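Encoded as structure tokens, the structure appears first; notes follow it.
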Amino acid sequence: MESNPTIAGEIIEDTIVAAGNPWGRVVRRGQRLRVVDLRGKQAVDFLCYDAQDPRDRYNAANTMKMGANIFLTKGSVLWSDRANRLMTVIDDTCGRHDTIGGCCSAEMNMVRYHKTPPANCRDTFEKALRPFDLTRDDIVANINWFMYVPVERDGAMAIVEGLSKPGDYVELVAERDVICVVSNCAQIYNPCNGFDPTPVRIVTYAPQ
């Protein structure tokens, strides 16, 4: 499959998001969202909410149950608390995206590593949510695009180096108007970013 093919449609926004930075916008029903891992092995924390009623938001457990899989890839549906389809993955060149690891925070970094990097995803999510009148209390267990969290038969899990290559991307279609927010992870104390956080490209477009 061609990595990061040409956008076939009207580009609404095309932006580079540096590691540790937030991003957010309303993606209208039928519009596409493409997240491109420019340099590879970069975790991108992601959440989405029903734009008409943000109390109905991405639900990790519902998404895993309905997809019968802990990993997301092409064909996966992002389900809400109220069992509504929020978005569907329509293309994916990586093949493994995490639903269980959640986001880093200053508190968890101190517990796990006894120090904290300059940025953490919970604080960055809070910044991304603020323009939509949402708060820290609206952050739930999130998706980590390109992050690999294998689970062994005995239930053991670990955050390990990602599988994505430079230019890998995941693309979704909005099944309804959704608020999408990103924290481009700046974690440097585990290998989720290959110990080298890097920028990603986010494109929103209306298909032809």
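Before anything else, pin down the relative contact order of region 12-207: Cα pairs under 8 Å, at least 6 apart, normalised by residue count, whole percent.
44 percent
I want to check a number: in the chain, how many lysine pairs have alpha carbons closer than 23 Å, given a sequence separation of 8 or more or different chains?
6
Calculated from the structure, Rg and Dmax of the Cα atoms in Å equals which of (i) 16.8, 51; (ii) 15.8, 45; (iii) 15.7, 50?
(iii)
Is there a quick way to get the dipole size of the chain? I mean about its Cα centre, with the Cβ of Lys and Arg at +1 and of Asp and Glu at -1; what is the value in debye to the nearest 20?
Dipole of the chain, to the nearest 20 debye: 80 debye.
Would you mind calculating the gained length between GLU152 and TYR189 on full extension (0.36 nm times residue separation, minus the Cα-Cα distance), in nm to one decimal?
Answer, rounded to one decimal: 11.1 nm.
Using the number of other C-beta atoms within 10 angstrom as an exposure proxy, rank THR73, THR124 with the fewest first.
Going from least to most buried by this count: THR73, THR124.
Which of these, ASN59, ASN190, ASN120, has the largest mean-square fluctuation under a Gaussian network model of the chain (Cα springs below 10 Å)?
ASN190
How much of the calculated P(r) for region 95-208 lies past 16 Å, in percent of all Cα pairs?
That tail contains 66 percent of the Cα-Cα pairs.
Please order SER80, SER164 by the number of other Cβ within 10 Å, starting at the fewest.
Going from least to most buried by this count: SER80, SER164.
Just so you know, all these numbers are worked out from the coordinates, no wet-lab data involved. Note that the structure is predicted; figures quoted are calculated from it, not measured. Neighbour counts are summed over all protein chains in view; Cβ atoms, including those assigned to glycine, are modelled from backbone coordinates with ideal geometry.
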